[in-house]
Amino acid sequence: MTVALPPDAERDVRSRTVAAPASLDVALLGCGTVGSAFAGLAQLEPPDRAVRITHALVRDHGRDRPTLLPDVRRIYDGRSIFATSPDVVVELLGGIEPARTLVLEALHRGIPVVTANKSLLAAHGGELREAATRTATPLLYEAAVIAGVPFLGTFSRRPFAARVTGFTGIVNGTSNYVLTRARNERIGIAPALADAQRLGLAEPNPADDIDGIDAAEKLIVLLQQFAAVNVAPADVETDGIGRITAADIDDARALGGTIKPVIAADWSERLRAFAGPAFLGRRHLLASVDSAENALILEGPRGRMVFRGPGAGPDVTAATVLDDVHEAARATIPVTLPSLRRAQPSAPETPWFIRVTAPRLPRRIEIADLLASHGVYLQRTQRGSAGHAEGCAALTLPCSRPRIERALRALGAAARCDVRLLRALEDGA
Ligand code: HSE
């Protein structure tokens, strides 16, 4: 969809008042799980903070939306939201289009935008930030990453006090919930995922959670925020939890750790990043972050900062979006978002968790020797845990992905074995 701006759009931008109006007229784009929760919550606002949803863009004509008051105008064509001038546009459509076009048009018109759409920010963050800066219009997205623990706004306001050079985190509640249930109750991915969907945690396409796409998008948004770089989703090493088995989880436990869906990035020297399931030693700060909880460890020259709490779910996300609506309307926030430099992260060198299974497993010392001849050194090994006696699990010293893959190809050729490979993170995070 392309949108022609009205001739007076530029003038509207410059003349936008920054005084908070008595009641805020909100155009709501998207009335799915989070949009409906937002509508329900907005109605509970006290009269002196009244948020009035005037228009709601809905995609499914037939669906009942009990949280939308009868006087909210349902619209089916996004451009109609600009017919009356909303004070704030709240974009909860998800996905790229029409969200991108409508958010850009709102920014061009000087209408503050609140969004929770990490896919949009990951793919078009540079363009949206540039439009927000050019028109001096707030663009707030606190709910896009760990919605239940508001921290992005603080960092926007305090860029010098809170300098960051890297982070490690668990930012996808669904995959953390699924792995936690799989570990504690020894159930499969499918029933745990069905429960995550019932709780409203999962994405409309839950493959985005399970395949690590949602986590990688959040990683990119965090890189935009903290490293001022723009990274293409295809350039981030991304893996999902779909292939993790009960045997992997048992052997991780036997090696003194657990498997968690993590993201990690560091730009103290070269930019490095990945998103995927990883072995964490049990003393790692993220190892005890269970169920749908999220956490983020930020590393900086002045030390480490840790944020931990509810990740997503319709109610926490709606509450954070509502706070952003008030913040956007007050316009006390800086509207100049640092412009982004294009960057291509490389994959980091980390220790690795490997799990080898074969009808006739070589002795552990033979496996260690063969891997060492390819420059991969084991720091700990473990015979397969109960029920997986044909297996052997090990943790390596840090090395690159190409190096470990080369060594494992050689092992596979020598011993006809199956290998599971996951990154491992050091205990200190
Ligand atoms: N599906 C996401 C999660 C929702 O499980 O974390 C919040 O982005």
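Among E142, E217, E269, which one moves the most in a GNM of the chain with springs linking Cα atoms closer than 10 Å? Fluctuation is largest for E269. Of all the accessible heavy-atom surface of the chain, with the other protein chains kept in place and a 1.4 Å probe, what percent is carbon and sulfur? The nonpolar share, carbon plus sulfur, comes to 51 percent. In the chain, helices alone account for a calculated mean residue ellipticity at 222 nm of -10000 deg cm²/dmol, with every DSSP H run of four or more residues adding -39,500 (n - 2.57). For C399, the residues 5 or more places off, or on other chains, whose built amide H falls under 5 Å of its own are T350.
Which Cα, out of A132, Q379, A227, lies furthest along the positive dipole direction of the chain (beta carbon charges, K/R +1, D/E -1)? Farthest along the dipole direction, towards plus: Q379. Computed across the range 8-160, the Kirkwood radius stands at 16.0 Å (inverse of mean 1/r, all Cα pairs). Backbone amide hydrogens, once placed in the peptide plane, bring R380 within less than 5 Å of L395, excluding anything fewer than 5 places away on its chain. For the charge dipole of the range 293-364, defined by +1 on Lys and Arg C-beta atoms and -1 on Asp and Glu C-beta atoms about the Cα centroid, which residue among P359, P345, M305 has the Cα displaced farthest towards the positive pole? So the residue furthest toward the plus end is P359. Here the range 78-136 is treated with +1 on each Lys and Arg Cβ and -1 on each Asp and Glu Cβ, and its dipole about the Cα centre works out to around 40 debye. Ranked by the mean number of other Cβ atoms within 10 Å per residue, highest first, peptides 25-37, 350-362, 231-243 order as 25-37, 350-362, 231-243. Residue ranges 70-76, 221-227 sort as 221-227, 70-76 when ordered by packing (mean number of other C-beta atoms within 10 Å per residue, highest first).
For the chain, what is the relative contact order in percent, using Cα pairs closer than 8 Å and at least 6 residues apart in sequence? Computed value for the chain: 17 percent relative contact order. Taking 0.36 nm per residue of sequence separation and removing the Cα-Cα distance, the R363/D71 pair yields an extension gain of 97.8 nm.
Taking only the alpha-carbon positions of the chain and ignoring solvent, what does the Debye formula give for the base-10 log of I(q)/I(0) at q = 0.06, 0.12, 0.13 Å⁻¹? Treating every Cα as an identical point scatterer, log10 I(q)/I(0) equals -0.28, -0.95, -1.08. Peptides 168-179, 84-95, 302-313 ordered by packing proxy, namely the average of other Cβ atoms within 10 Å per residue, highest first: 168-179, 84-95, 302-313.
Compared with the dominant principal axis of the Cα atoms in the chain, helix 33-42 is inclined by about 50°.
State in Å² the accessible area per residue of the range 215-334; use a 1.4 Å probe, count heavy atoms of protein chains only, and round to the nearest integer.
35
With the charge dipole of the range 25-129 set up from +1 on Lys and Arg Cβ and -1 on Asp and Glu Cβ about the Cα centre, the Cα lying farthest toward the positive end among the listed residues V26, A122, A99 is that of A122. Give me the one-decimal nm value for the distance between modelled label points at I187 and Q379, 7 Å along each residue's Cα-to-Cβ direction. Going by the 7 Å Cα→Cβ label model, 3.5 nm. For the range 263-305, averaging the sequence separation of C-alpha pairs within contact (under 8 Å, six or more residues apart) and dividing by the residue count gives a relative contact order of 19 percent. In this simple spin-label approximation, E127 and D64 carry label points 7 Å from Cα along the Cα→Cβ vector, and these lie 3.9 nm apart.
Relative to the compact globular guide of 2.2 N^0.38 Å, what is the alpha carbon radius of gyration of the range 91-249, as a ratio? Against the compact-globule rule of thumb, the ratio is 1.13. Available extension along the chain between L199 and R79 is 40.0 nm, counting 0.36 nm per residue and deducting the alpha carbon span.
The values are calculated or read from the model by the stated rules, or taken from the named source; none is laboratory data. All values derive from a computational prediction rather than experimental measurement. FYI the Cβ positions are ideal-geometry reconstructions off the backbone, even for glycines, and counts take in every protein chain you see. Heavy atoms of the whole protein, side chains included, go into the accessibility calculation; ligands, DNA and RNA do not. Shrake-Rupley method; radii C 1.70, N 1.55, O 1.52, S 1.80 Å.
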